[in-house]
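Visitor: Below is one structure. I have some questions about it.
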Amino acid sequence: MDPRSNPYAPGAGYPPPELAGRDDVIERAAIALDRIREGRAARSFILYGLRGVGKTVLLNRIRLDAEARGFASATIEAPEERSLPAVLIPALRAALLKLSRGEALRAALAGAMGALASFASKMKVKYQDIEVGIDFKPQTGIADSGDLGLDLADLVGTLGTAAKERTTALALFIDELQYVPEDQLGALIFALHKASQNQLPVTMVAAGLPQLVGQTGRAKSYAERLFEFISIDRLDEAAGTAALCKPAEAQGVRFANQAVAEILNETQGYPYFIQEWGKHCWNIAANSPIAITDAKAASATALAELDASFFRVRFDRLTPTEKRYLRAMAELGRGPHRSGDIAERMGRKVEGVAPIRNALISKGMIYSPAHGDTAFTVPLFDGFMKRTIPTFEKPKRRSAS
């Protein structure tokens, strides 16, 4: 069929043509945001799950819906090896300018901009990666102590006051939150906690990998009461079928039942992979209905493309030792696996591979779903490791001499 009219949209954070199975999460977030704007109690949201489940898509959808209802937003993607203030300052500056709506700054907004200038000035001394400056006179005595937790609480408080003056709320939308160092994450949680205690209209909707739940708890013990943690998982059969079939049906094309079953089995219901398989099925099929033979052919082309891009980008960031650890995991199957079993497969002791495991967690390649367990954060990565490194030999133990 004509690839120019291919309706499928695989991509990092790119919205699919049919956002299936997520209506409940979108509505829950909308209710919480509206309650906060009205001065009612509601918790901030943290969406967590594996790669490819659509966390970023959901985060963006919730943000766009909120902006359409008049919320002020600050949008951030937390990169590795950057400080939180470095990414937070320009986003908050943009949010304040939106709040001003092009008018002269009112008292609260002027105070917030002054507090942001103070915060930026002090944090530049502490964090060397801050590049942006605030062209506004710093507010003396506000957000200028040099302590990140105290200053961020001051800053968020002034932002909340400014939003309240405009009868709206400020929502921080932060993606990849697991990359924020725990001490800085603790400062952010503290600031949001203070704003909540003072009934200010400030909240956060964030997304990250599964380890984020544990990170927030370690950063601040009260995080479980401040946030609503929502697991974003693979789609069930009904939602997966809708995500696959509805875009095609909108153009008069349907899938044979066997083809649908084949694709849902191969993709395991992960939204990103459903888009990949749908795209390749469309390009391969000669006509409607798309048959199981088309679906099987699509599996080969989809996996080849994923191997060359989605999987390869992550693989190339790894050291040889880290690759060997992941290959040992793949040898054991899909997982999760006991850390001791992985170490045994590598022919080493658990203590000896612990630094490798920690490095892979930091890189967002694996996580611990339970104490002593290890699992991939990227679905289907075990198959990629086997295709990339076809043979895995356990080192022979040296005999005692």
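The values are calculated or read from the model by the stated rules, or taken from the named source; none is laboratory data. None of these values were measured; they are calculated from a predicted model. Ideal geometry is used to build each Cβ from the backbone, glycine not excepted, and the neighbour counts take in all protein chains shown. These area figures cover heavy atoms from the full protein model, side chains too; ligands, DNA and RNA do not enter into them. Shrake-Rupley method; radii C 1.70, N 1.55, O 1.52, S 1.80 Å.
Visitor: Output ³J(HN,Hα) for the range 320-336: one whole-Hz value per residue in order, computed from phi by the Karplus curve 6.51 cos²θ - 1.76 cosθ + 1.60 with θ = phi - 60°, and x for Gly and Pro.
Guide: x, 5, 5, 5, 5, 4, 5, 5, 5, 4, 4, 4, 7, x, 5, x, x
Visitor: Calculated from DSSP H runs of 4 or more alone, at -39500 (n - 2.57) each and per residue, what is the 222 nm mean residue ellipticity of the chain, nearest 500?
Guide: Rounded to the nearest 500, the figure is -17000 deg cm²/dmol.
Visitor: I would also like to ask the following. With charges set only on the Cβ (+1 for Lys and Arg, -1 for Asp and Glu), what does the dipole of the range 234-341 come to about its Cα centre, in debye to the nearest 20?
Guide: 300
Visitor: Continuing with this model, one more query. How would you classify the range 105-160 from its alpha-carbon gyration tensor, with a ≥ b ≥ c the square roots of the eigenvalues: rounded for a/c under 1.5, else prolate if a/b is greater than b/c, otherwise oblate?
Guide: oblate
Visitor: In whole Hz, with x marking every Gly and Pro, tabulate ³J(HN,Hα) for the range 64-77 from phi via Karplus 6.51 cos²θ - 1.76 cosθ + 1.60, θ = phi - 60°.
Guide: 4, 4, 5, 4, 5, 9, x, 6, 8, 10, 10, 9, 9, 10
Visitor: What is the percent carbon and sulfur in the accessible area of the range 281-371, measuring with a 1.4 Å probe over the protein chains and ignoring ligands?
Guide: Reported share for carbon and sulfur atoms: 54 percent.
Visitor: Helix 237-249 versus the longest principal axis of the chain: what is the Cα-based angle in degrees, 0 to 90, to the nearest 10?
Guide: 90
Visitor: Write down the Å³ per residue value for the convex hull defined by the alpha carbon atoms of the range 274-401.
Guide: 120
Visitor: With Cβ to Cβ distances under 13 Å as the rule, what net charge do the other residues near Ile189 carry (K, R +1; D, E -1)?
Guide: Once all neighbours under 13 Å are counted, the net charge is +2.
Visitor: Please report, in debye to the nearest 20, how large the charge dipole of the range 284-401 is about its Cα centre when each Lys and Arg carries +1 at its beta carbon and each Asp and Glu carries -1 there.
Guide: My answer is approximately 540 debye.
Visitor: Placing unit charges on C-beta atoms (Lys and Arg positive, Asp and Glu negative, everything else neutral), compute the dipole magnitude of the range 55-163 about its Cα centre in debye, rounded to 20.
Guide: Result for the range 55-163 is approximately 340 debye, rounded to the nearest 20.
Visitor: Name the residue farthest towards the positive end of the dipole of the chain from the options Leu303, Ala286, Ala243, assuming +1 on Cβ of Lys and Arg, -1 on Cβ of Asp and Glu, about the Cα centre.
Guide: Comparing the listed Cα positions along the dipole, Leu303 ranks first.
Visitor: Now, a different point. Cα extents of the range 1-80 along the three principal axes, largest first, in whole Å?
Guide: 53, 30, 22
Visitor: Would you tally the net charge around Val87, using a Cβ to Cβ cut-off of less than 11 Å, leaving Val87 out, and scoring K and R as +1, D and E as -1?
Guide: -4
Visitor: Moving to a separate point now. Report ³J(HN,Hα) in whole Hz for each residue of the range 50-59, in order, from the Karplus equation J = 6.51 cos²θ - 1.76 cosθ + 1.60 where θ = phi - 60°; Gly and Pro get x.
Guide: Each residue's phi maps through the Karplus curve to give 6, 4, x, 8, x, 5, 5, 4, 5, 4 Hz.
Visitor: Ranking request for peptides 238-247, 51-60: highest mean number of other beta-carbon atoms within 10 Å first, then the rest in descending order.
Guide: In descending order of packing, they fall as 51-60, 238-247.
Visitor: For Lys323, list the lysines whose Cα falls under 25 Å from its own Cα; do not include residues on the same chain fewer than 8 positions away.
Guide: Reachable lysines: Lys349, Lys363, Lys386, Lys394, Lys396.
Visitor: Across the Cα atoms of the range 10-165, what radius of gyration and what greatest pairwise Cα-Cα distance (Dmax) are found, in Å?
Guide: When restricted to Cα atoms, the range 10-165 yields Rg and Dmax of 17.1, 50 Å.
Visitor: For the range 167-268, what are the per-bin percents of Cα-Cα distances with bins 10 Å wide, up to the bin holding the maximum?
Guide: 13, 33, 18, 19, 15, 3
Visitor: Measuring from centroid to centroid over Cα atoms, what is the spacing of the range 220-299 and the range 187-205 in Å?
Guide: 37
Visitor: Moving on. Counting each pair of different Cα atoms once, what's the Kirkwood radius of the chain in Å, rounded to one decimal?
Guide: One decimal place: 23.2 Å for the Kirkwood radius.
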